[in-house]
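Here's the structure we're looking at; comments come further down.
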Amino acid sequence: MSYISPTLRIARSSIKPRFPSSSSSKRTVNISSPPPPKSSSSTSSSSFPLSTLLATGFTASALTYLLANPPQLLLDVFNPVPEPPFISPLYGSEKDFETAIQELKSLFEPLGKDQVSTAPEELLGHGFSTNTYHAPRIPAVVTYPESTEDVVKIVKIAAKYRVPMTPWSGGTSLEGHLTAPYGGISVDLSRMDKIIKVNVADGDVICQAGVGWEDLNAHLKEEGIPLFFPLDPGPGACVGGMIATGCSGTNAVRYGTAKAEWFLNATVVLPSGEVIKTRSRARKSSAGFDVTKLFIGAEGTLGIVTEATLRLAPLLPTTVAICSFPDVQRATEAVQEVLNAGVPIQCVELCDTTMMKAINQASLTDQKYPNKDSIFFKFQGSPGMIAEASSMVRAIVPKHGGDDIRFAASDEESAAIWRGRKVSHWSIMALNPKAKSWSTDVCVPASQLPRLVKETQQDLAECGLTAAIVGHVGDGNFHAGILFENQEEYVIADGAVHRMVERAIALDGTCTGEHGVGVGKKEYLISELGLGTVQLMKLIKDTIDPQGIMNPGKLYPDEIPTEHVVATWGPKK
């Protein structure tokens, strides 16, 4: 078998499932370690191309590197282990898949825009991400719609031949959302990147789903519009994926998450090909329940968002400070006192000692920081408000052992200091170029965060793996980045993540604060939300998508008890 084969059979073949059904432990997976660096002198360049990891989505340079230096994990994609194809009776036959692809090509190729591809590098780029630990699962074909009408055509063909679809926009998700476990069609919305209209007087903007939040804010700045979109997940994230995962980011402590009112409406293509607009552009409405929120956090399993109206916020002056602490617990306790004192904070971010070491070592920013547990503060408001906030923080942090507090002296220095926090996800991987990073997040009530962080740090230390913690401590959300090189270390990391999630749920928290569920967290949904709630979610899914073709294998647990949902809710007899 050739290294890369574009045939449908290979595209739909199964890698070993994350939790294979065999006599082995449920929490076991077959993952081989990447090859070691060719030489010690090449570690920082060829074996760990940090620049590619900072790119938006999956760039040509990233593909070039991976195809030239394929880790064993990628070899497994195109030389699958001898197992039956991962095919569900819900979906069409291989002939149906082939016919659907030919129909897509005949529909779009005459337009001369290269909107349909079965090229191996395109399939790889839409089923694998360097940002995640999940096994690659590639689609059979990649489509590039440029309008809602294009998406409708793709969806109708998929429905006609019962071919599953996986929406794709920025390609930055971390829980396997973009993988295609049943092959099928990857619907790449990245060409739908038009900012349709900015309504300055109303403080909102209408745009397509492929618009990146960074590009949107850059556009507003270039146009001299003193507004910005405050949701700030990872670099490269686009509106479609941000809606799908219910994202947030560092600004959440001040502005909330995607599930607040930042998405006023959405245009959605349903699995039948019907197009709906969820509500008007009014800032508030009591006309029925909020259908927009039905799609926020649904992870593309109910329909494909093609356009949205986003609420904007006034762009206020900010400045940044960083402060070191003796340990994470005292750092988080200091943050709680700062917030309870009413200090006007836009962001407050934690990086533990390991993460600070990684940021310094990766050299993705020209700043150098103490290798100590640290808090990044971002203050917002008028110069007087910022001065008062700075004074309050200076008075509070020493009570919790805080020292080395450093305030930016200019906007340029603020941006430079803050960049250290924003590149933390990629920085952790610089600590071990041979390893993959398992990045995961949980969220608890803010008062429970010190306990959860302390217990998680102790657990990770006992595991013997390199791990770092970074978090949006103002709203109780933190991320752990755990490095592993081989199957044995993967199993250890898997157990640590499992225990971390269980602790969070036991503290009245959630298995994911902002990454989403995808394939990585769906096993925890019933224990967190309860059987009745999950049954209702699945009932909505089955009603809107009876063929199950919208991003299958994501969000919903693989096995849900079949008791009727009404019996769970109904009055006790």
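Return the residue satisfying two criteria in turn: it lies in the stretch 336-345 and is touching a residue at least 12 places away in the same chain (Cβ under 8 Å) and in a helix (DSSP H, G or I), and of such residues it is surrounded by the most Cβ atoms within 10 Å (Cβ to Cβ).
Filtering the stretch 336-345 for residues touching a residue at least 12 places away in the same chain (Cβ under 8 Å) gives 336-339, 341, 343-345.
Within this subset, residues satisfying the condition of being in a helix (DSSP H, G or I) are 336-339.
Details: 336: 18, 337: 15, 338: 22, 339: 16.
Here the answer is 338.
Among 279, 311, 330, which is without any contact (Cβ under 8 Å) to a residue 40 or more places away in the chain and either more than 25 Å from residue 189 (Cβ to Cβ) or among the charged types (D, E, K, R) (or both)?
Of 279, 311, 330, the one residue that is without any contact (Cβ under 8 Å) to a residue 40 or more places away in the chain and either more than 25 Å from residue 189 (Cβ to Cβ) or among the charged types (D, E, K, R) (or both) is 279.
Within the stretch 346-368, count every residue that is basic (Lys, Arg) and open to solvent by less than 10 Å² (accessible area, probe 1.4 Å).
Pass one, the stretch 346-368, residues basic (Lys, Arg): 357, 368.
From the residues that got through so far, the ones that are open to solvent by less than 10 Å² (accessible area, probe 1.4 Å) too are none.
Total meeting the criteria: 0.
Out of all the residues in the stretch 193-236, which are open to solvent by 10 Å² or more (accessible area, probe 1.4 Å), closer than 23 Å to residue 472 by Cβ and assigned to a loop (DSSP other than H, G, I, E, B)?
Those that are open to solvent by 10 Å² or more (accessible area, probe 1.4 Å), closer than 23 Å to residue 472 by Cβ and assigned to a loop (DSSP other than H, G, I, E, B): 232, 233, 234, 235.
Looking at (1) modelled with pLDDT of 90 or more; (2) closer than 30 Å to residue 487 by Cα; (3) out of contact with any helix residue (DSSP H, G or I) (no Cβ under 8 Å at 6 or more places or on another chain), find the lone condition where residue 148 falls short.
Answer for residue 148: the failing condition is (2).
Just checking, which of 298, 334, 341, 287 is hydrophobic (A, V, I, L, M, F, W, C) and under 29 Å from residue 218 (Cα atoms)?
On the way: 334 fails: under 29 Å from residue 218 (Cα atoms); 341 fails: under 29 Å from residue 218 (Cα atoms); 287 fails: under 29 Å from residue 218 (Cα atoms).
The unique qualifying residue is 298.
In the stretch 506-527, how many are farther than 17 Å from residue 247 by Cα, in contact with a helix residue (DSSP H, G or I) (Cβ under 7 Å, 6 or more places away or on another chain) and either free of Cβ contacts under 8 Å to residues at least 40 places away in the same chain or crowded, with 23+ Cβ neighbours inside 10 Å (or both)?
Total meeting the criteria: 4.
Which of the residues belonging to the stretch 396-437 are open to solvent by 30 Å² or more (accessible area, probe 1.4 Å), modelled with pLDDT under 95, assigned to a helix (DSSP H, G or I) and not basic (Lys, Arg)?
411, 412, 413, 415, 425, 431
For the stretch 438-478, give me each residue that is of a type in the set (S, T, N, Q), closer than 21 Å to residue 510 by Cβ and open to solvent by 30 Å² or more (accessible area, probe 1.4 Å).
Within the stretch 438-478, 447, 448, 457 qualify.
Determine whether the stretch 156-176 contains at least one residue that is of a type in the set (A, V, I, L, M, F, W, C) and in a loop (DSSP other than H, G, I, E, B). Even if it seems obvious, please write down each step before you answer.
If we filter the stretch 156-176 for residues that are of a type in the set (A, V, I, L, M, F, W, C), which is where we start, we get 157-159, 163, 165, 168, 174.
Still in the running and in a loop (DSSP other than H, G, I, E, B): 163, 174.
Scanning the stretch 156-176 turns up at least one residue that is of a type in the set (A, V, I, L, M, F, W, C) and in a loop (DSSP other than H, G, I, E, B).
Could you tell me which residue of the stretch 242-267 is most open to solvent (accessible area, probe 1.4 Å), considering only residues that are free of Cβ contacts under 8 Å to residues at least 40 places away in the same chain and touching an Asp or Glu at 6+ places or on another chain (Cβ under 9 Å)? Write out each step before concluding.
Within the stretch 242-267, the subset free of Cβ contacts under 8 Å to residues at least 40 places away in the same chain is 242, 256, 258-260.
So of that shortlist, the ones also touching an Asp or Glu at 6+ places or on another chain (Cβ under 9 Å) come out as 256, 258.
Values: 256: 23, 258: 0 Å².
Ranking the qualifying residues of the stretch 242-267, first place goes to 256.
Being open to solvent by 20 Å² or more (accessible area, probe 1.4 Å) and touching a Leu at 6+ places or on another chain (Cβ under 8 Å) is the filter here, so list the residues in the stretch 479-490 that pass it. Walk me through it before giving the result.
So in the stretch 479-490, the residues open to solvent by 20 Å² or more (accessible area, probe 1.4 Å) come out as 485-489.
The answer is 489, and nothing else.
State whether one or more residues within the stretch 289-297 are in contact with a Phe, Trp or Tyr (Cβ under 8 Å, 6 or more places away or on another chain), in a strand (DSSP E or B) and surrounded by 18 or more Cβ atoms within 10 Å (Cβ to Cβ). Please lay out each step first, then the result.
Step one: list which residues in the stretch 289-297 are in contact with a Phe, Trp or Tyr (Cβ under 8 Å, 6 or more places away or on another chain), which gives 292, 296.
From what is left, the residues that are in a strand (DSSP E or B) are none.
No.
Mind telling me which of the residues 121, 146 ends up being surrounded by fewer than 21 Cβ atoms within 10 Å (Cβ to Cβ) and part of a helix (DSSP H, G or I)?
Just a single option satisfies the conditions, and that option is 121.
Within the stretch 124-143, can you find the residues that are of a type outside the set (A, V, I, L, M) and assigned to a helix (DSSP H, G or I)? Reasoning before the result, please.
Just the residues of the stretch 124-143 that are of a type outside the set (A, V, I, L, M), to begin with: 125-134, 136-137, 139, 143.
The one that is of a type outside the set (A, V, I, L, M) and assigned to a helix (DSSP H, G or I): 125.
Provide a single number: the residues in the stretch 104-118 that are open to solvent by 20 Å² or more (accessible area, probe 1.4 Å) and assigned to a loop (DSSP other than H, G, I, E, B).
4
Working only within the stretch 491-505, note down all residues that are more than 14 Å from residue 454 (Cα to Cα), open to solvent by 10 Å² or more (accessible area, probe 1.4 Å) and at pLDDT 95 or above.
Of everything in the stretch 491-505, those that are more than 14 Å from residue 454 (Cα to Cα), open to solvent by 10 Å² or more (accessible area, probe 1.4 Å) and at pLDDT 95 or above turn out to be 492, 495, 498, 502, 505.
Could you list, in sequence order, the residues of the stretch 254-288 that are outside any loop (DSSP other than H, G, I, E, B) and either farther than 20 Å from residue 166 by Cβ or among the polar types (S, T, N, Q) (or both)? Working first, answer last.
Step one: filter the stretch 254-288 for residues outside any loop (DSSP other than H, G, I, E, B), giving 254-255, 263-269, 275-277.
Matches in the stretch 254-288: 254, 255, 263, 264, 265, 267, 276, 277.
Pairs, please: C-beta under 7 Å, at least 6 apart or cross-chain, first residue in a strand (DSSP E or B) and in the stretch 366-392, second hydroxyl-bearing (Ser, Thr, Tyr)?
374/324; 378/318; 379/318; 379/319; 379/390; 380/318
Restricting attention to the stretch 298-329, and to residues there that are among the polar types (S, T, N, Q), part of a strand (DSSP E or B) and more than 30 Å from residue 550 (Cβ to Cβ), which single residue is most open to solvent (accessible area, probe 1.4 Å)? Before the answer, list the steps.
Narrowing the stretch 298-329 to residues among the polar types (S, T, N, Q): 301, 306, 309, 318-319, 324, 329.
Remaining after also requiring part of a strand (DSSP E or B): 306, 309, 318-319, 324.
Of the ones still in play, those that are also more than 30 Å from residue 550 (Cβ to Cβ) are 318-319, 324.
Numbers: 318: 49, 319: 23, 324: 2 Å².
Taking the candidates together, the pick is 318.
The values are calculated or read from the model by the stated rules, or taken from the named source; none is laboratory data. Because the structure is a prediction, the values reported are computed rather than measured. Because the Cβ atoms are built from the backbone with ideal geometry, glycine has one as well, and the counts that use them run over all protein chains shown. With ligands, DNA and RNA removed, areas are computed over all heavy atoms of the protein, side chains included. Shrake-Rupley method; radii C 1.70, N 1.55, O 1.52, S 1.80 Å.
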